[in-house]
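Handing you a structure now.
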Amino acid sequence: MKKSFYSSLLSILLISFNGYSQQTLPTQTFQELMDLGVMQSRQGNYPAAQNYFTQALQLQPDNAVAFYSRGVTKSNLKDNRGAINDFDKAIEINPRYADAYVGRGTSKARQDDHKGALQDYNRGIDLNPVDANAYFSRGYSKSKLENYKGALSDYNKSLDLTPDNALGYSARGVVKQKLEDYKGSLEDFSKAIELSPKRPSSYSGRAYSKMKMTDYKGAIADYGKALEISPEDAESLYYRGFCKSQMEDYAGAQIDFDRALGQDPENAPAYYGRGFAKNKLGKTKEAIDDFNKAVSIGNIESKKVIFAGPITKQILDDLRSGVSERLKMAEMSSERSEVYFNRGLSKAKIGDTKSAIEDYNKAIALNPTFAEAYFTRGMVKSQLGDQRSAIQDCTNALKLNPKYAEAFYVRGIIRHALGDMEGCNDLSKAGELGYTAAYAVIRDFCN
């Protein structure tokens, strides 16, 4: 009976073992499994591809190609740590495996280890100096490390080897923008569009170069094409709004900023831009709300393009009725100084002069070289009757910008009103600098 029991138990174990073996041991050959893995990978079915490569490694556990292939699938599945382990193993088996170094570099780059990635790309290129992908990948890491000239050299080499690579032209276009070669950048994005006309980033990249070259109409057209392909791209919506404001299409700009904020509610420059547009459309209180939101979000990255001076001037008196608005858009110069400055303009427009001065104070504290903030603060102080302080603010503005015609003009008016005949000299200087309204004041009051 005992023997029968153990015989039965042994039979069960053998059946179990045979079943286990059938489930885990591959029935295909190594090459068949590798081919299946490659086929699944090409179809984008990376989990299946990884499974086939794992089965292949059960048959040949020291095969560098199998480890490399599985590493690629893991990388495509964003398992960068697992991919690096497989590339490590491939390199351990074959220290001259160029593709494995490049693959490992890519996985490191995806973990933001661009210095480590460069070491791998360098080794891969040493072993295979005609690998276009290796040059492209090294260019990307150099760009992330802000070595733009080095990145440009690598992208050039990559495109020499693969001249029909649309992504390569787009990447080089971005680097040329960093190097302020906007004409060259525009040419690269145009080539990328020619090769691959359905990529929205190529249109938006070309649009940015046009914008930097002040071709706002052309930029609007290209951002429009990008948005036809990707309608909810917040960045393209934001920059198109920027360009529309430059073209004085403030209603269109507000619509674009509205849509951009719908996609990215924490986009401080978009609040700022919308506030600017609303201010120009006479929606002053709504503009202040947007400026408040921009301030509350926090620091705005200096690389963001936002709205800045020159300024909108309040009418000081009837003598200044001819002063026109000259608001333009510019690169942000220091933290949020322009946000406070423009909020101050809006507050002054609705008569909240005390709060306006507080905003100008903040703008100046953030950017002590902000001549327009001194000048505009002086304007508000003059309206409040603090003429001596207003003169000092105009003087500070003139120290920062000796050709500030409006500052000479306003300081001249205030000085003359206080009985200081030096005011006429200021008015004369304003006229010489092109502010012709000063001559009418000189004719009436300085002769």
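The values are calculated or read from the model by the stated rules, or taken from the named source; none is laboratory data. Remember, predicted model here, so these are calculated numbers, not experimental data. Please note: Cβ atoms are built from the backbone with ideal geometry, for glycine as well, and neighbour counts cover all protein chains shown. We work out accessible area using only protein heavy atoms, side chains counted, and drop any ligands, DNA or RNA first. Shrake-Rupley method; radii C 1.70, N 1.55, O 1.52, S 1.80 Å.
Kindly indicate whether any position in the range 117-130 is within 25 Å of the chain's Cα centre (by Cα) and part of a helix (DSSP H, G or I).
yes
For the range 46-99, which positions are part of a helix (DSSP H, G or I) and among the acidic types (Asp, Glu)?
Matches in the range 46-99: 86, 88, 92, 99.
Does residue 98 satisfy the condition of being under 30 Å from residue 146 (Cα atoms), buried (at least 24 other Cβ atoms within 10 Å of the Cβ), modelled with pLDDT of 95 or more and not basic (Lys, Arg)?
Values: under 30 Å from residue 146 (Cα atoms): yes; buried (at least 24 other Cβ atoms within 10 Å of the Cβ): no; modelled with pLDDT of 95 or more: yes; not basic (Lys, Arg): yes.
Judged against the criteria, residue 98 is not a match.
Hey, does the range 210-228 have a residue that's closer than 27 Å to residue 345 by Cα, buried (at least 21 other Cβ atoms within 10 Å of the Cβ), touching a helix residue (DSSP H, G or I) at 6+ places or on another chain (Cβ under 8 Å) and β-branched (Val, Ile, Thr)?
The answer is no; no qualifying residue exists.
Before we move on, is residue 139 under 24 Å from residue 84 (Cβ atoms), without any contact (Cβ under 8 Å) to a residue 24 or more places away in the chain and of a type outside the set (A, V, I, L, M, F, W, C)? Before you say what the answer is, go through the steps one by one.
Working: under 24 Å from residue 84 (Cβ atoms): yes; without any contact (Cβ under 8 Å) to a residue 24 or more places away in the chain: no; of a type outside the set (A, V, I, L, M, F, W, C): yes.
Spelling it out, it is not the case that residue 139 is under 24 Å from residue 84 (Cβ atoms), without any contact (Cβ under 8 Å) to a residue 24 or more places away in the chain and of a type outside the set (A, V, I, L, M, F, W, C).
Taking the criterion of being surrounded by fewer than 15 Cβ atoms within 10 Å (Cβ to Cβ), within 43 Å of the chain's Cα centre (by Cα) and within 30 Å of residue 272 (Cβ to Cβ), would at least one residue in the range 411-433 satisfy it?
Taking every residue of the range 411-433 in turn, none turns out to be surrounded by fewer than 15 Cβ atoms within 10 Å (Cβ to Cβ), within 43 Å of the chain's Cα centre (by Cα) and within 30 Å of residue 272 (Cβ to Cβ).
Related question: Given the options 278, 283, name the one that is open to solvent by 60 Å² or more (accessible area, probe 1.4 Å) and of a type in the set (D, E, K, R).
Of the residues listed, the single one that is open to solvent by 60 Å² or more (accessible area, probe 1.4 Å) and of a type in the set (D, E, K, R) is 283.
Count, please, the residues in the range 51-78 that happen to be under 39 Å from the mean Cα position of the chain (by Cα), under 20 Å from residue 92 (Cα atoms) and not hydrophobic (A, V, I, L, M, F, W, C).
Residues in the range 51-78 being under 39 Å from the mean Cα position of the chain (by Cα), under 20 Å from residue 92 (Cα atoms) and not hydrophobic (A, V, I, L, M, F, W, C): 7 in total.
What is the residue count in the range 411-434 for residues that are in a loop (DSSP other than H, G, I, E, B) and at pLDDT below 90?
Number of matching residues: 4.
From the residues in the range 352-410 that are part of a loop (DSSP other than H, G, I, E, B) and in contact (Cβ under 8 Å) with a residue 24 or more places away in the chain, which one is most open to solvent (accessible area, probe 1.4 Å)?
Looking at residues that are part of a loop (DSSP other than H, G, I, E, B) and in contact (Cβ under 8 Å) with a residue 24 or more places away in the chain, I get 403.
In the range 436-445, is there at least one residue being small (Gly, Ala, Ser), under 34 Å from the mean Cα position of the chain (by Cα) and loosely packed, with under 15 Cβ neighbours inside 10 Å?
No - not one qualifying residue is present in the range 436-445.
Right, here's the next one. Take the residues in the range 234-265 that are in contact with a helix residue (DSSP H, G or I) (Cβ under 6 Å, 6 or more places away or on another chain) and part of a loop (DSSP other than H, G, I, E, B), then tell me which one is nearest to residue 198 (Cα to Cα).
Applying the filter and picking the extreme gives 264.
For the range 148-159, give me the residue count where each residue is open to solvent by 50 Å² or more (accessible area, probe 1.4 Å) and closer than 21 Å to residue 197 by Cα.
0
Kindly check whether there is at least one residue in the range 384-393 that is modelled with pLDDT of 90 or more, under 22 Å from residue 339 (Cβ atoms), within 42 Å of the chain's Cα centre (by Cα) and not hydroxyl-bearing (Ser, Thr, Tyr). I'd like the intermediate steps shown before the answer.
Residues of the range 384-393 modelled with pLDDT of 90 or more: 386-393.
Now drop any that are not under 22 Å from residue 339 (Cβ atoms), which leaves 393.
This time we only want the ones that are within 42 Å of the chain's Cα centre (by Cα), so: 393.
Filter once more, keeping what is not hydroxyl-bearing (Ser, Thr, Tyr): 393.
Yes.
Oh, and also: Is there any pair linking a residue in the range 240-254 that is farther than 19 Å from residue 212 by Cβ to one that is of a type in the set (A, V, I, L, M) and part of a loop (DSSP other than H, G, I, E, B), with Cβ under 8 Å and at least six apart or on different chains, and which?
Here the result reads 250/281; 251/281; 254/281, each pair linking the range 240-254 to a residue that is of a type in the set (A, V, I, L, M) and part of a loop (DSSP other than H, G, I, E, B).
Do you know which residues across the range 167-193 are hydrophobic (A, V, I, L, M, F, W, C), farther than 13 Å from residue 133 by Cα and buried (at least 19 other Cβ atoms within 10 Å of the Cβ)?
Hits for the range 167-193 are 174, 175, 186, 189, 192, 193.
Which pairs have Cβ atoms under 9 Å, sit 6 or more apart or on different chains, and link a residue in the range 418-447 that is over 17 Å from residue 401 (Cβ atoms) to one that is in a loop (DSSP other than H, G, I, E, B) and of a type in the set (Val, Ile, Thr)?
Pairs that qualify, where the first residue is over 17 Å from residue 401 (Cβ atoms) and the partner is in a loop (DSSP other than H, G, I, E, B) and of a type in the set (Val, Ile, Thr), are 437/323.
Quick check on the range 109-147: of everything there that is hydroxyl-bearing (Ser, Thr, Tyr) and crowded, with 24+ Cβ neighbours inside 10 Å, which residue is nearest to residue 96 (Cα to Cα)?
121
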